[in-house]
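J.: Provided herewith is a single structure, encoded as structure tokens, for subsequent inquiry.
The values are calculated or read from the model by the stated rules, or taken from the named source; none is laboratory data. Fair warning: this is a prediction, and the values are worked out from it, not measured in the lab. Neighbour counts are summed over all protein chains in view; Cβ atoms, including those assigned to glycine, are modelled from backbone coordinates with ideal geometry. What goes into the accessible areas is simple: the full protein's heavy atoms, side chains included, and nothing from ligands, DNA or RNA. Shrake-Rupley method; radii C 1.70, N 1.55, O 1.52, S 1.80 Å.
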Amino acid sequence: MTEDNFAFPEWLDDFQITDEVFAVAYEAVLPPQRAWMKKTIAQVYAVNSPDSPQSKWTVNTWKGGFETEIANSPLDCVLMLVDKGATSAVRILAALAPALAVGVQNILVVFVGEGELSQPVLTGFELAGQEAVVSLSDDKFSELISFVYESEVSTAILDLRSCPTDLSYSENVRYWRAPNISVISICADEDGPDMDVVKFAHPDVTIEETTIEDLAESGGDVAIVPAELIGEALVDFKMVLSHEQEGCWMWNNLTDRFFRKDSVALAVCL
């Protein structure tokens, strides 16, 4: 099966989050909060080359008298998994936006387990144009996973569940689990950051205020610092946000390459 004839099973329609639920969530999120989500979408989308063609064919000629030819195109489908503990809309959107930028045609967000999606997360999907969002029981989720595995289409699974369960291996499936973010270390000054924004963006994270001298020992997974201190903070942190970026996100280990498939040919030069 290929992208041209792949489709998610029709029974998922019965579990689709309704337009009414999306509308209520959107109205519950304040315009400044929606603006931070829009900024995250725009920035991550831009970094992941939205203007590049969907499919590419690259030929490289090497000194040994041979060449490599690489055909490149988007994966056939993406499953994003979330649960009631996945409450950071910006972190979720930062994982979704590269797939949107690449042009993956079949993207499905799956809420698994009890409870419900938070209103900011639902609003984020609305802002990103991600309408295919379903809520499934564990049994139905297993049925969906089996369907995707058996279809043998090229697939990426983005696992942002707060309590992820292991999935079996399949040759056609790439798997990415969001790194655990539990503490954000912040160096504040008179210009920021806006702590209310940080708490909105990361409602599930402990905020630790510190100084630049103590930043490396603060125990944070991420640092938020004044722009002039970014270089120093990058020595100890894989993810650093400057002031005025405190409500945004970008995953350092998830780019557009994850959502593309390559076919490679080794040939002699003609």
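J.: Before we move on, is R257 assigned to a helix (DSSP H, G or I) and assigned by the TED database to the domain that holds K39? Outline the logic, then answer.
T.: Numbers: assigned to a helix (DSSP H, G or I): yes; assigned by the TED database to the domain that holds K39: yes.
Yes: the conditions hold for R257.
J.: Run down L108, L81, L100 and say which single residue is surrounded by fewer than 23 Cβ atoms within 10 Å (Cβ to Cβ) and closer than 17 Å to W251 by Cα. Lay out the reasoning, then the answer.
T.: On the way: L108 fails: closer than 17 Å to W251 by Cα; L81 fails: surrounded by fewer than 23 Cβ atoms within 10 Å (Cβ to Cβ).
Unique residue meeting the criteria: L100.
J.: Being open to solvent by less than 80 Å² (accessible area, probe 1.4 Å) and out of contact with any strand residue (DSSP E or B) (no Cβ under 7 Å at 6 or more places or on another chain) is the filter here; which residues of region 144-167 pass it?
T.: Taking region 144-167 as the starting set, the residues that turn out to be open to solvent by less than 80 Å² (accessible area, probe 1.4 Å) are 144-149, 151, 153-162, 164-165, 167.
Correct list: I145, S146, F147, S151, S162, T165.
J.: Right, here's the next one. Every residue in region 12-29 that is without any contact (Cβ under 8 Å) to a residue 40 or more places away in the chain and either under 18 Å from S137 (Cβ atoms) or of a type in the set (F, W, Y) (or both), please. Give the derivation first.
T.: The first filter runs over region 12-29 and keeps only residues without any contact (Cβ under 8 Å) to a residue 40 or more places away in the chain, leaving 13-14, 18-20, 23, 27.
Within region 12-29, D13, D14, T18 meet the criteria.
J.: Something else about it: Name the helices (runs of 4 or more DSSP H) wholly within region 108-205 that hold at least 3 residues that are outside the structural domain of F15 (by the TED database) and within 30 Å of V24 (Cβ to Cβ)?
T.: Working: elements: 119-128, 138-151, 195-201.
Answer list for region 108-205: 195-201.
J.: Being at pLDDT 90 or above and open to solvent by less than 20 Å² (accessible area, probe 1.4 Å) is the filter; apply it to region 206-232 and report the residue that is farthest from the chain's Cα centre (by Cα).
T.: Only one residue fits best here, namely P226.
J.: Could you figure out which of (1) modelled with pLDDT of 95 or more; (2) out of contact with any helix residue (DSSP H, G or I) (no Cβ under 7 Å at 6 or more places or on another chain); (3) open to solvent by less than 50 Å² (accessible area, probe 1.4 Å); (4) of a type in the set (A, V, I, L, M, F, W, C) isn't true of A94?
T.: Only one criterion is unmet by A94, namely (2).
J.: While we're on this one: Could you check V153 against (1) of a type in the set (A, V, I, L, M, F, W, C); (2) more than 19 Å from F258 (Cβ to Cβ); (3) out of contact with any Lys or Arg (no Cβ under 8 Å at 6 or more places or on another chain) and say which number it fails?
T.: V153 satisfies all of (1) of a type in the set (A, V, I, L, M, F, W, C); (2) more than 19 Å from F258 (Cβ to Cβ); (3) out of contact with any Lys or Arg (no Cβ under 8 Å at 6 or more places or on another chain) except (2).
J.: Checking V235 against (1) touching a strand residue (DSSP E or B) at 6+ places or on another chain (Cβ under 6 Å); (2) of a type in the set (A, V, I, L, M, F, W, C); (3) over 15 Å from I184 (Cβ atoms), only one condition comes out false. Which one?
T.: (1)
J.: Is there any pair linking a residue in region 220-232 that is touching a residue at least 24 places away in the same chain (Cβ under 8 Å) to one that is buried (at least 17 other Cβ atoms within 10 Å of the Cβ) and in a helix (DSSP H, G or I), with Cβ under 8 Å and at least six apart or on different chains, and which?
T.: So the pair list comes out as A223/L215; A223/A233; I224/V198; V225/L215; V225/A233.
J.: For S263, work out the one condition from (1) in the same structural domain as A89 (by the TED database); (2) open to solvent by less than 40 Å² (accessible area, probe 1.4 Å) it doesn't fulfil.
T.: (2)
J.: Evaluate the following for T68: is it at pLDDT 95 or above, of a type outside the set (G, A, S), assigned by the TED database to the domain that holds V102 and open to solvent by less than 70 Å² (accessible area, probe 1.4 Å)? Spell out how you get there, then give the answer.
T.: Numbers: at pLDDT 95 or above: no; of a type outside the set (G, A, S): yes; assigned by the TED database to the domain that holds V102: yes; open to solvent by less than 70 Å² (accessible area, probe 1.4 Å): yes.
No.
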